[in-house]
Structure formats: C-alpha cells, structure tokens
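Where a number appears in this text, it was derived from the coordinates with a stated rule and is not lab data. All figures in this text were calculated on a predicted structure; none of them were measured in a lab. Here Cβ is always computed from backbone atoms with ideal geometry, including for glycine, and neighbour counts include all displayed protein chains.
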Amino acid sequence: MSKEADHHEGGGDEESKEERDQDGSEETMRKRVRANTPQASPPKFVSVEELMETAKNVTNMALAHEIIVNQAFQIKPAELSEGSLEHRVKEIMHKAFWDCLDAQLKEDPPSYEHAIKLLAEIKETLLSFLRPGHGRLRSHIEDVLDLPLIQQQAENRALDIGQLSQFIVGMMGSLCAPSRDRDINKLKEITDIVPLFKAIFSLLDLMKMDMANFTLKSIRPHLMQQSVEYERNKFQGFVEKQPNALDYTEKWLEDTVKHLRESGQDGLSAASSNPPSLLFQNVHNHAYLRLLKWDQASDPFPETMLMDKARFQEMQQEVDRLVLLSSVLLIVYTTAGEAISGLPGLMDTLKNTVNVMLTDMHAPSFNAQEALATIGEKLCVELSQCLSQHGYSPFSADRKDILKGQISATVQSDNTVRRLMDSRVQTYLLSFLESSQPKTPPALPGGLAPISRELKELADLFTGLVNFNKLVYSQFYQKILQNILTAGGMSSTET
C-alpha cells in the first residue's frame, strides 16, 4: 500500500413454545423451526443452542457470500447517528481526552504522559501498514519512534513533539493510498499539536479501512474456491437441521421442468439423444432466467437463492426498465421512418429523455401512464426539432398522435412491442448463460442496440451470480432434478 512499493490501492417460520411441567420440577423449551410451511411434514424439534449455532453459521455464510459476489463490497467504519446516545457519549469522552492532552501540554514544564501513549499507538498502526519487504521503512519508524528514548527525552525536557508529528505525517504520506494525498496535505497545514493529533488519528482510521479493503480485493480471487466449499458445507448443515429446507427450491425447479415440457424446450422428445448433463444445464439456465420474472408478492424465493434475493430483484427491475426503454425507442424509429435513422446523436438524445422519465419507474408513487404520456410529448418535440434542423418535413399532427398513442400503449405488460422486446432481452440473457466463451458476448437481437451497454453490464452481473450459485448448490439441484425427471417418466443416471 506504500508509494515506495507501488501504491496499492425460515420465511414466516412458525415458532411454538412448549412448556412441559408435568412433575412440577422440570421445564423445557424448544423451538420448532421449519424453512417451509407444508403441514403434512412431521415436525422436527431442535434446541435453542442448535438454533443459535445455525443462525451464526448462516450469518457467517452470508458475509462470505457478500464478499465474493459483490465486487463493490467494502469495509466501512461504523457511523453513529447524530442524535443517538452513543454518539453523544463518544463526543463527551473524546472531548475530555483531548482536553486533558491539551492541558498536559500547556503545563510548565509540559507533561507528555498522554502524548507518549498516543505516539505508541501511532507507531503500532504505522508498522501494521508495512509488508514483509518494507524492512527499511520498519527500521526507520522504529528508530524515530523509539519509545524508551522518547520517554527519556520527555523526562529531560528535550522532547520535540512537533518534529515527531512532522515525521508521522510524512510517513503517513508514504504509506497512504493516492486518494488520501489531499488529506495528507491538510495535515501539513495544521500547526497546533492537539488538533494535529486528532486529525492524524482520524486519517489513520481511514487508512486502516483502505488497507483492509485493499487486502480484501487482493485475496478475493483466492477466496472463490474456499468460499464455494464453505457455503456448500454450511448450507448442508442448515439442511440437515431443518426439515423441508428445500421445498421452495424443489418447486422452483419442478415448475421450470413443467414449463419447458409444455413449451417443448426440455429436450425430452423420444428422438432426443441429449445426455442428462445437457438436460440439467438447460433446466438450470431457464430456472435462473425465471427469477428475473418472479412474482415477488406471491411466490416464495428458492432457499438456495435467498442471499441473492435483493440482487435478483434489482436485476428484475433493470430488465423491466430496459425492456420499456427499448420498446419506446423501437416505436419511435419505426414510426419516424428512415428520415431519422442516420442522424448523428439523435438516438442518445431520445434515450436520455426516456431514461430520465423512467428513473423512478419502480417507486410506489410512479404513474406509468402519465410518464409515458409525457415521454410521448417530449419525443414529438425533439423529433420535430431534429427533422427541421436537417431539412426534413416536420411531424404531422396525425403522426404525432400515432406515436404518442403507441408509446402510451406500452404501459400494458402484454403490449405487442413490449412483449417482443422482453422476449429478445430474455433470449440475450439466456445466450449468455449458455455461452461456452463468456468473454465473447452473444449476438445482440434486433432492436436492442440502443441499450447494448446496459444490457451487457446486466448480463455480466447476472451470469456471474448464476455461475457462482451453480458452483455452490449444483449437487443439491442434481438430486432434486433426478427425482423430478424420474417421476416425470425419464430415467437417467446421475452426473
């Protein structure tokens, strides 16, 4: 991290208390925890201790999962709310500490008891930033911040606390990430010792966060395999402790198989020679794709996907937005005709206009009909201006009415254009899952060029999340699919 060594940068679980006090001398309490709700399943009782251990394991698993799948994951310092009791107590204690340091330094002669303790803490922190190859820096810090020598200098009234502070600031400048250079420069402008020490400690805390996040980023690739095994083992323990722990996952896969059979996409025709592995992969990919069309209000999420439920919800909303955006733009270019097809910058202008109006389309207060009506009005104005500037006849009133009517009609989810664009987006995402060369994007279906960048970003995120989930949970899915396919009339060997 130093500049000398290259800057581094169970939903709705039913709980029941059962008190058994038949002999008046013994009372036991157990909680029944079930991951799902089918009443035909026999109850399984677990102890409170088992529950606490399971909760701890699930929490640890969730944290490890977050570190791996969230590339933007960072460790951040805890922030206390402004008016909280904890915040007030912290302020009072800090003020008392710094007031005491200020008073000691103003004594005649100055007392350096608190200051030396701070220097010891600063020294320890600076040394913690060093890596094994930083032997020269380590020796330099040890020599300058020699605590016994500093104590001796203080007793002999020969301690220059200002000079030591300058050394510390300089060393922090050598060890910090480039993004902290401005903060270092601010430290150099502080001349009073107490404010300087306060600022030093604040910046050291930020540097600790920088170091932790740099380390996290560095080791993330090496954590992948360990995380896969860790999550799989933790989830296996969770399944063993709770009955029916995969009911919703089974239903998710079962419904996917049913959908594929009804649409003839399952590869189970009599003439099919597809091996079970390809069949399983087909079911897997379509099952994940269905999560982007999930009815969040009525369908419980598969248990194996719960840690990523919020991510899939966000992706689902992004799919909805991109489908509507591409639908509106397709209507505009179809209605306006060839006159605008080659006009430079027009597509970006129209896209930005629609994007602004659809920013909050998933907010409770969003009125889709009003937004689309406004979009129609604005696009007609922009198209008329653009056509006029390039010497074309402006839109007639009839063409404007047709355009606005077609745009407003996309408010319906079964609108023909909207369904077409949705199908093409789904096809594109499925192609990403099926691609054997993830670095080579599949061909973009027609009409999606205006949203190609956003769609590629979504596909990368979606595919990365799916592939990691497959690595962790494939063995659970294989067993479930074996039962589903066998029950459906197909016999296959487990892969």
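The charge dipole of the stretch 85-215, taken about its Cα centre with unit charges on the Cβ of Lys, Arg, Asp and Glu (plus for the first two, minus for the last two), comes to roughly 460 debye. Taking 7 Å steps out from each Cα toward its Cβ at N355 and L444 produces label points 1.3 nm apart.
With Cα atoms defining each centre, the stretch 375-439 and the stretch 114-161 are spaced 66 Å apart in the structure.
Considering only L119, P109, A154, and ranking their Cα positions along the charge dipole of the stretch 84-176 that arises from unit charges at the beta-carbon of Lys, Arg, Asp and Glu, the one farthest toward the positive end is L119.
Rounded to the nearest 0.05, the FRET efficiency derived from the C-beta distance between I219 and W98 at R0 = 45 Å is 0.75.
As a calculated quantity, the FRET efficiency between V381 and E314 at R0 = 35 Å, using C-beta atoms, amounts to about 0.60. The gain in end-to-end length when the K456 to Q412 segment is fully stretched comes to 13.3 nm, 0.36 nm per residue minus the alpha carbon separation.
With contacts taken as Cα pairs under 8 Å at a separation of at least 6 residues, the stretch 85-215 carries a relative contact order of 23 percent.
Annotation: extensible slack from D255 through V89 equals 54.2 nm (criterion: 0.36 nm per residue apart, minus Cα-Cα distance). GluC sites (Glu not before Pro), restricted to the stretch 166-233: which are DSSP loop and have at most 14 other Cβ atoms within 10 Å? Hits after loop and neighbour filter: E189.
When you restrict to C-alpha pairs under 8 Å that are six or more residues apart and normalise by the size of the stretch 303-482, the relative contact order lands at 27 percent.
Descending by average beta-carbon neighbour count within 10 Å, the peptides 132-141, 417-426 line up as 417-426, 132-141, the highest first. In the stretch 104-143, which residues have a backbone nitrogen under 18 Å from the label point lying 7 Å from E155's Cα in the Cα-to-Cβ direction? Zone members listed by number: 109-117, 120.
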